[in-house]
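Heads up: the structure comes next, in structure tokens.
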Amino acid sequence: MKCNSRLSLSLLLLLQCVLFSCQREEDLSPKEELIPLQVGNQWTYQVINYMHSGEALDTSLYRRAVLRDTIIYNSRWYILNDGYIVQNSNEGYVYYNRGGQVALILYQNADYGSIGYTYQYPGYLLYVLTTRINTLAPIENAYYSFMGYTFEIENQYTTPNSPTVSSFQKDYVSPDVGLVRSDLFYGDTGRLMRRYELVNYRLN
């Protein structure tokens, strides 16, 4: 009788753990798939650096790929070839910060307004503010004719005894395709400093 009670208690605890794990998976399920994450997916970007005058300085190619998946806290994540660990969660497209062991939002879903993070580095403080424009619009003059959302990203660098330095970035993301273009500007001048342009991709 005592053995049966222990067995029943063990089965009950096991069932609770299974249900909790399922609930964790359900809680983290994405509301939208901003970046398609399947093993083998890859994107190739033409990277153009510009001089302050607006002339192209150099051009190169950059490839991003989904290498494999992994489980972190009962949730499936994907490891990219650049070392990022990412997923589409119920908050948006997020990456796993290994130092803090938390998920940080790169591209928020439509339920959010702006999101901001502060990062403390040796010698300077970085504040990142990301705003999503929820109108799905054509990405102008892109290599591919996609509709996408625009994410406006402001980076503010603060160092002791120096004025704050800002940089601005616009990322254009097409649902079910991924990042189509990323434009980084010189400060608040509106002059382009670097562009990542999607020129080839393969999705499984």
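The values are calculated or read from the model by the stated rules, or taken from the named source; none is laboratory data. This structure is a prediction, so every number in the text was calculated from the model and none was measured. Every residue, glycine among them, receives a Cβ derived from its backbone with ideal geometry; neighbour counts consider all protein chains shown. The protein model used for the area step is the full one, side chains on, heavy atoms only, and it has no ligands, DNA or RNA in it. Shrake-Rupley method; radii C 1.70, N 1.55, O 1.52, S 1.80 Å.
Restricting to segment 170-195, give me the number of residues that are under 20 Å from Gln108 (Cα atoms) and either in contact with a Ser or Thr (Cβ under 7 Å, 6 or more places away or on another chain) or of a type outside the set (S, T, N, Q) (or both). Outline the logic, then answer.
Within segment 170-195, the subset under 20 Å from Gln108 (Cα atoms) is 170-184.
Okay, now just the ones that are also either in contact with a Ser or Thr (Cβ under 7 Å, 6 or more places away or on another chain) or of a type outside the set (S, T, N, Q) (or both), so 170-173, 175-181, 183-184.
Total satisfying the criteria: 13.
Looking only at segment 154-179, residues that are within 22 Å of Thr44 (Cβ to Cβ) and in a strand (DSSP E or B) come to 8 in all. Every listed requirement among (1) open to solvent by 30 Å² or more (accessible area, probe 1.4 Å); (2) outside any loop (DSSP other than H, G, I, E, B) is met by Trp43 save one, (1).
Across segment 64-86, which residue is surrounded by the most Cβ atoms within 10 Å (Cβ to Cβ) among those that are of a type in the set (Gly, Ala, Ser) and not in a loop (DSSP other than H, G, I, E, B)?
Initial filter on segment 64-86 (of a type in the set (Gly, Ala, Ser)): 65, 75, 83.
After this cut, where a residue has to be not in a loop (DSSP other than H, G, I, E, B) as well, the list is 65, 75.
Numbers: Ala65: 15, Ser75: 17.
Here the residue is Ser75.
Would you pick out the residues in segment 103-159 that are among the β-branched types (Val, Ile, Thr) and either open to solvent by 40 Å² or more (accessible area, probe 1.4 Å) or touching a Pro at 6+ places or on another chain (Cβ under 9 Å) (or both)?
We begin by selecting, within segment 103-159, every residue among the β-branched types (Val, Ile, Thr); these are 105, 115, 118, 128, 130-131, 133, 135, 139, 150, 153, 158-159.
If the condition is that a residue be among the β-branched types (Val, Ile, Thr) and either open to solvent by 40 Å² or more (accessible area, probe 1.4 Å) or touching a Pro at 6+ places or on another chain (Cβ under 9 Å) (or both), then Thr118, Thr131, Ile133, Thr135, Thr158, Thr159 are the ones that fit.
Within segment 160-178, if we keep just the residues that are farther than 14 Å from Leu129 by Cβ and open to solvent by 20 Å² or more (accessible area, probe 1.4 Å), the residue that is farthest from the chain's Cα centre (by Cα) turns out to be Asn161.
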